[in-house]
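In what follows, a single structure is set out as structure tokens and then discussed.
Derivation of every value follows stated rules applied to the coordinates shown; laboratory data play no part. Remember, it's a predicted structure, so these values are computed and weren't measured experimentally. Using ideal geometry, Cβ is built from the backbone for each residue, glycine included, and neighbour counts are taken over all protein chains shown.
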């Protein structure tokens, strides 16, 4: 069935405005969460290590436990505004310091923590412990994953999140990501939402198309349908008319001719895109690549006789 959700990212460098003043920064974050709620957002992400950028000291000196004052305040604001929040900061856990993204529910509960799997060399030299997992988290609207900055360069974390079922990846970062966000969105067939320490944070759909980009305004929000799948045109193209004949406007299509793909989505409350895939024998991209490889291997094996 159609699963619409409004996702949002905050792209903002707090250092010039809030240097050394954590209470003021948290007040600003609270203001932005209230604004996001008024936009109709369901989930909002902030940039990498957002509150701790403005503080002096090594990560070990400023890291906080999940029960610390920063997450406590943001959890209260998440509850006040009925939002899921992705809030990155340095966390301390079992004597280790991580560069983390914390997922908070609209009830103000911590429901997920991701530790940056690929800290930079400089971060590791400063005492940051790398994470070793690609966790995903189920929310009331869908399954999300989180990635942080340098992670975007490494296939193990990005592909791992998709293989674990992420439908949206929230990318909290110091750098913009740019074309890489579009490449991964298309490669993995997921939505990407970036929250960065500069302008030009993006929301990117499964085709790699940029749905919106933050410029002067640090908040960007877009409504997306998670019950949508990107398919290759081969062996699927000729089934569109049959779907339209049966379901009409209950199914929607978007075409990406340059990449020989199209997106199909359910707009009905009584049917999912997976129902459509089963009913009409649609072939998903990964299954198509695997079948093409099998046919290739069979052809090579036949030559060897």
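How far is helix 179-188 tilted, in degrees, relative to the longest principal axis of the Cα atoms in the chain, given as a value from 0 to 90 rounded to the nearest 10? That helix lies at roughly 50 degrees to the long axis.
Sort the following peptides by mean Cβ neighbour count (other Cβ atoms within 10 Å, averaged over residues), highest first: 155-164, 1-10.
Values: 155-164: 17.4, 1-10: 21.2.
Listed from highest to lowest mean packing, they are 1-10, 155-164.
If you bin all the Cα-Cα distances of segment 4-225 at 5 Å, starting from zero, the percentages per bin are 1, 8, 16, 22, 23, 17, 10, 3, 0.
With R₀ fixed at 45 Å, the C-beta to C-beta distance from residue 288 to residue 4 puts the FRET efficiency at about 0.95.
Computed over segment 126-179, the P(r) curve from all C-alpha pair distances, binned at 5 Å from the origin, holds 4, 19, 28, 24, 15, 8, 1, 0 percent per bin. Ordering 176-185, 293-302 by mean Cβ neighbour count within 10 Å, with the highest value first, yields 176-185, 293-302. The simple spin-label model puts a point 7 Å past each Cα toward its Cβ; for residue 179 and residue 237 those points are separated by 2.7 nm. Expressed per residue, the C-alpha convex hull volume of segment 52-143 stands at 99 Å³.
Rg and Dmax of segment 189-305, based on Cα coordinates, read 18.2, 65 Å. Across all Cα atoms of segment 111-250, the radius of gyration (one decimal) and Dmax (whole number) stand at 17.0, 61 Å.
Peptides 223-231, 197-205, 120-128, 107-115: what's the order by average Cβ count within 10 Å, highest mean first?
Numbers: 223-231: 20.0, 197-205: 21.7, 120-128: 14.0, 107-115: 17.6.
Listed from highest to lowest mean packing, they are 197-205, 223-231, 107-115, 120-128.
Annotation for residue 138 and residue 259: the two label points, set 7 Å from Cα along the Cα-Cβ direction, are 2.8 nm apart.
Please determine, in degrees from 0 to 90 and to the nearest 10, the orientation of helix 22-38 with respect to the longest principal axis defined by the Cα atoms of the chain, where the helix direction is its Cα long axis. So the inclination is approximately 30 degrees.
Largest GNM mean-square fluctuation across 147, 287, 174, computed for the chain with C-alpha springs under 10 Å, falls on 287.
Extent along the principal axes, Cα only, for segment 228-291: 31, 22, 18 Å, with the longest axis given first. Note on segment 1-105: Cα-Cα pairs beyond 18 Å make up 47% of the total pair count.
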